[in-house]
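The values are calculated or read from the model by the stated rules, or taken from the named source; none is laboratory data. Here the structure is a predicted model, which means the values were calculated and not measured. All Cβ positions, glycine included, derive from the backbone under ideal geometry; neighbour counts span all protein chains shown.
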């Protein structure tokens, strides 16, 4: 177990951080800090003697939260933004097909299961659509449920 970041170092959050019940004044599950946000390491500690926990001050959000080592990268490391996050609802812009057969009609609403940022072809998502269909969908083929393209 070796710490990667020292006091004062700028770090970027790679996952959304939600309230697990330890952040006062907000409901459990509420978003505390969005993925991609940059903060500064204030302290380094451990949890259960086998996990490094960084206390990070996210100045723009006015929040100090504990982050696990695997949730952080250096603020200067490559980062690709995405329009959607895990658990967000999305709408397919076009009909999506598998082996030439329509699996998801255009305009279908699904839920983002996973965001894939490190692909050469750009950001893509595992999206769960009705009927138990889990598809890998490029960002360009998705809109928010409120958007529509006629």
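Suppose we filter 24, 78, 105 for residues that are under 19 Å from the mean Cα position of the chain (by Cα), surrounded by fewer than 14 Cβ atoms within 10 Å (Cβ to Cβ) and either under 24 Å from residue 136 (Cβ atoms) or not assigned by TED's automatic domain parsing to the domain that holds residue 125 (or both); which single one remains? Walk me through how you get there before you give the answer.
Working: 24 fails: under 19 Å from the mean Cα position of the chain (by Cα); 105 fails: under 19 Å from the mean Cα position of the chain (by Cα).
None of the other options fit; the residue is 78.
Inspect the stretch 4-15 for any residue being within 23 Å of residue 124 (Cβ to Cβ), surrounded by fewer than 12 Cβ atoms within 10 Å (Cβ to Cβ) and either in contact (Cβ under 8 Å) with a residue 12 or more places away in the chain or in the same structural domain as residue 134 (by TED's automatic domain parsing) (or both) and give the result as yes or no.
For the stretch 4-15, residues within 23 Å of residue 124 (Cβ to Cβ), surrounded by fewer than 12 Cβ atoms within 10 Å (Cβ to Cβ) and either in contact (Cβ under 8 Å) with a residue 12 or more places away in the chain or in the same structural domain as residue 134 (by TED's automatic domain parsing) (or both): absent.
Is it true that residue 96 is surrounded by 15 or more Cβ atoms within 10 Å (Cβ to Cβ) and under 15 Å from the mean Cα position of the chain (by Cα)?
Here the answer is no, as residue 96 does not meet what is asked.
Let me spell it out: the conditions are (1) outside any loop (DSSP other than H, G, I, E, B); (2) touching a residue at least 40 places away in the same chain (Cβ under 8 Å), and residue 82 meets all of them except one. Which number is the exception?
Condition not satisfied by residue 82: (1).
So residue 60 ticks every box in (1) at pLDDT below 90; (2) in a loop (DSSP other than H, G, I, E, B) but one. Which box is left unticked?
Condition not satisfied by residue 60: (1).
Does residue 61 satisfy the criteria of being within 30 Å of residue 49 (Cβ to Cβ) and touching a strand residue (DSSP E or B) at 6+ places or on another chain (Cβ under 7 Å)?
In short, yes.
Since residue 33 meets every condition but one in (1) over 19 Å from the mean Cα position of the chain (by Cα); (2) surrounded by 15 or more Cβ atoms within 10 Å (Cβ to Cβ), which condition does it not meet?
Residue 33 satisfies all of (1) over 19 Å from the mean Cα position of the chain (by Cα); (2) surrounded by 15 or more Cβ atoms within 10 Å (Cβ to Cβ) except (1).
Using the structure shown, decide if residue 119 is over 29 Å from residue 43 (Cα atoms) and either in contact with a strand residue (DSSP E or B) (Cβ under 6 Å, 6 or more places away or on another chain) or assigned by TED's automatic domain parsing to the domain that holds residue 47 (or both).
Working: over 29 Å from residue 43 (Cα atoms): yes; either in contact with a strand residue (DSSP E or B) (Cβ under 6 Å, 6 or more places away or on another chain) or assigned by TED's automatic domain parsing to the domain that holds residue 47 (or both): no.
No; evaluated as a whole, the condition is false for this residue.
Output the residue which, of all residues in the stretch 108-129 that are in contact with a helix residue (DSSP H, G or I) (Cβ under 8 Å, 6 or more places away or on another chain) and part of a loop (DSSP other than H, G, I, E, B), is surrounded by the most Cβ atoms within 10 Å (Cβ to Cβ).
Step one: list which residues in the stretch 108-129 are in contact with a helix residue (DSSP H, G or I) (Cβ under 8 Å, 6 or more places away or on another chain), which gives 122-125.
Subset that is part of a loop (DSSP other than H, G, I, E, B): 122-123.
Details: 122: 12, 123: 18.
Step by step, filter the stretch 108-129, then rank; the result is 123.
Consider residue 93 against the criteria (1) touching a helix residue (DSSP H, G or I) at 6+ places or on another chain (Cβ under 6 Å); (2) at pLDDT below 85: it satisfies all of them except one. Which criterion is unmet?
With respect to (1) touching a helix residue (DSSP H, G or I) at 6+ places or on another chain (Cβ under 6 Å); (2) at pLDDT below 85, residue 93 is out only on (2).
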